1. Which ³J(HN,Hα) values, rounded to whole Hz and listed in residue order, are derived for region 131-141 from phi using the Karplus coefficients 6.51, -1.76 and 1.60 in 6.51 cos²θ - 1.76 cosθ + 1.60 with θ = phi - 60°, glycine and proline given as x?
2. Relative to the longest principal axis of the C-alpha atoms of the chain, give the angle of the C-alpha long axis of helix 277-294, reported between 0 and 90° and rounded to the nearest 10°.
3. Shape of the chain from its Cα gyration tensor (a ≥ b ≥ c, root eigenvalues): rounded if a/c is under 1.5, otherwise prolate when a/b > b/c, or oblate?
4. Please label the shape of region 70-215 as rounded, prolate or oblate, based on the square roots a ≥ b ≥ c of the eigenvalues of the alpha-carbon gyration tensor (a/c under 1.5 means rounded; beyond that, a/b larger than b/c means prolate, else oblate).
5. With 10 angstrom as the radius, rank 259, 90 by how many other C-beta atoms surround their C-beta, starting from the fewest.
6. Which of the peptides 208-217, 306-315 is most tightly packed, and how do the rest follow, going by the mean number of other Cβ atoms within 10 Å of each residue?
7. Taking θ = phi - 60°, what integer Hz values does the Karplus form 6.51 cos²θ - 1.76 cosθ + 1.60 yield along region 99-116, in sequence order, with x for Gly and Pro?
8. Suppose R0 equals 56 Å; then what is the FRET efficiency for residue 313 and residue 153 from their Cβ-Cβ distance, rounded to the nearest 0.05?
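Derivation of every value follows stated rules applied to the coordinates shown; laboratory data play no part. Small disclaimer: the values here were computed from a predicted structure and weren't measured. Every residue, glycine as well, gets a Cβ built from its backbone with ideal geometry; the counts of neighbours run over all protein chains shown.
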Amino acid sequence: MKALGQNRDDSAQLLPSLPEADRPQYREASFNDVDHFGEAIALRGLQVTQLSRGTFQGHLAAWALSPSLTVTRQQASQSLQVTSDQRPHCLRFVVLLSSPSTPAFARDRPLVANAIFGFDVERPVHLITSSAGQDQCQINVSKELFQHYAALAHRYDLDEAFLQCNMVVPALDQFSPLRAYLLQLFQSSADQTWCSAPQFATLLEQDLMPLLIDALPPLHQADTPQSYRRAELVTAAKAYIMDHLDQPLTLAQICQAVCTSQRSLQYGFQEMLGMGPMAFVKVQRLHGIRRALLNADPKPETVAHIAHQWGFFSLGHFSRDYKKLFGELPSQTLKRR
């Protein structure tokens, strides 16, 4: 187990191997690199992009309780866009442990403090976190185990139709016990003695799963936020940008490609991502340069050469933008590859 505060410089996955019966495993790690943070979340095909400016600090902690149940806490200091085309192999319930101070979105729906989301296995991951960062808990549970506890609680309404809604907002009196339990679980994790008690994993499962079931309201009572009205427009524009990232792009070109006005596109990007579309283009290119620098040989390669390949021709302006986003100069990134 890595101690809290220790930087992680490799890309190994954080999640521990599945434990033996009733022998849970706990691991944690801290990160100062957004790509290593993304790799450690252990989702195939995951792409994590830092949107807000500043040095990245992240922390992951994971309880592997059984082959059917894993609980992970994910904390990050910056706004992130997290996407993946891969569908999960188990049910995933995401619970916010702190209220988003600025707009955050899951699959284009705005997130509120007591939302539970992400449990439709047919939908790929698409998350935009608050500009103040994130603190969330992810409960990964097999469908069989979830259905077992739902049946014990006579919650036969938690069926396929319910799972397809992907997000619910329970009443606070339903939601608060679950969030309080998750906070206590990770705050107590520093003391490893209590988790060695016989049948600890079973006892924890028997505490956690009923709280999760109780927090999920019946579908006819569920308050599900509506999709943001400009979400489809922003999604189409982002797809066009990513497909043409290696080419010169203008705002007029992007608007023409998605058949909208500059005003509408600016509003949509600003409200969902906290930046305009051309700023989003620059952020994506800066991430591309950073990954190239981390994989480059410092001797033959130069920062200027890589920056020119990505369309930055003023080294001074590029270095300033790079440091604002990542908290270090590009030459520092190249040296520490």
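1. 5, 8, x, 9, 8, 9, 10, 10, 9, 9, 9
2. Here the helix axis deviates by roughly 90 degrees.
3. Cα axes put the chain in the oblate bin.
4. It comes out oblate by the Cα gyration axes.
5. Ascending Cβ contact count within 10 Å gives the list 259, 90.
6. With the highest mean Cβ count within 10 Å placed first, the list reads 208-217, 306-315.
7. 6, x, 7, 10, x, 9, 9, 10, 6, 6, 9, x, 8, 10, 4, 9, 7, 10
8. That pair, residue 313 with residue 153, gives E of 0.35.
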